[in-house]
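The values are calculated or read from the model by the stated rules, or taken from the named source; none is laboratory data. Predicted model, so just to flag it, every value in this text is computed and none were measured. Backbone-built Cβ (ideal geometry, glycine too); neighbour counts: all protein chains shown.
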Amino acid sequence: MSLRSGILGQGKKSEPNYEETRGVAVSVNEFRRMALSLPEASESAHMGHPDFRVRGKIFATLGYPTAGWGVVKLTPDQQELLVQVDPEVFVPVKGAWGRRSATSVRLRAAPKGMVRKALIAAWCNTAPQSLARSMQTGISASSGAIHE
């Protein structure tokens, strides 16, 4: 699965289908529901913000830098791609966290499908390899794209 197809989905053969990820903006509760729908995900809090963890490790947060924003833990390549594709939605977190690929998500401008795919990527980046492999096996079986 390529990075582009995994995050954006696929159109023909290897063309990204960004349009399939468009949709109504995401609410805080929808972000929470999507994060908690991932295997072994749990909600906790860190520095006064709700966060979402897999086996104790944070893969996403809510309310940072302010209400109406989320943060996902991406790889540098994933961050670069999402910021390129939709800079109104995806913004590197300021400072050291952003340089380590923590990426802010402007929820009111964010298409549901893109947020779901970003959360899945963040979860896969954070989960133990054996658990992440089980999710990625499901992704590969569905023609290379992460489907909702």
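Can you name the residue in region 90-135 that is in a helix (DSSP H, G or I), of a type in the set (Lys, Arg) and more than 18 Å from Phe31 (Cα to Cα) and, of all such residues, is modelled with the highest pLDDT? Give the derivation first.
First pass over region 90-135, keeping only residues in a helix (DSSP H, G or I): 96-99, 107-109, 112-126, 129-135.
Pick out the ones that are also of a type in the set (Lys, Arg) and you get 99, 108, 112, 116-117, 133.
Restricting the remaining residues to those that are more than 18 Å from Phe31 (Cα to Cα) gives 99, 133.
Details: Arg99: 91, Arg133: 87.
Only one residue tops the list, namely Arg99.
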* Asked: Is there any pair with a first residue in region 91-103 that is without any contact (Cβ under 8 Å) to a residue 24 or more places away in the chain and loosely packed, with under 15 Cβ neighbours inside 10 Å and a second that is in a strand (DSSP E or B) and not small (Gly, Ala, Ser) whose Cβ atoms are under 9 Å apart and which are 6 or more apart or on different chains, and what are they?
  -> Arg99/Pro92; Arg100/Lys73
* Do you know which of the residues in region 104-114 that are aliphatic (A, V, I, L, M) and farther than 22 Å from Ser42 by Cβ is surrounded by the fewest Cβ atoms within 10 Å (Cβ to Cβ)? -> Ala109
* Please enumerate the residues belonging to region 68-80 that are under 12 Å from the mean Cα position of the chain (by Cα) and either crowded, with 19+ Cβ neighbours inside 10 Å or part of a helix (DSSP H, G or I) (or both). => Gly70, Val71, Val72, Lys73, Leu74, Gln78, Gln79
* Asked: Which residue out of Pro39, Pro50, Pro65 is at pLDDT 95 or above and part of a loop (DSSP other than H, G, I, E, B)?
  -> Pro39
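Quick check: anything in region 136-145 at pLDDT below 90 and either closer than 22 Å to Trp69 by Cβ or in contact with a Cys (Cβ under 9 Å, 6 or more places away or on another chain) (or both)? Spell out how you get there, then give the answer.
Taking region 136-145 first, the residues at pLDDT below 90 are 136-145.
Adding the requirement that they be either closer than 22 Å to Trp69 by Cβ or in contact with a Cys (Cβ under 9 Å, 6 or more places away or on another chain) (or both) leaves 136, 139.
Yes, region 136-145 contains a residue that is at pLDDT below 90 and either closer than 22 Å to Trp69 by Cβ or in contact with a Cys (Cβ under 9 Å, 6 or more places away or on another chain) (or both).
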* Structure fact -> Flagged pairs (Cβ under 6 angstrom, 6 or more apart or on separate chains; first in region 123-135, buried (at least 16 other Cβ atoms within 10 Å of the Cβ); second of a type in the set (Phe, Trp, Tyr)) are Trp123/Phe59; Thr126/Phe59
* Asked: Considering only residues of region 37-57 that are of a type in the set (A, V, I, L, M, F, W, C) and in contact with a Phe, Trp or Tyr (Cβ under 7 Å, 6 or more places away or on another chain), which is surrounded by the fewest Cβ atoms within 10 Å (Cβ to Cβ)?
  -> Ala41
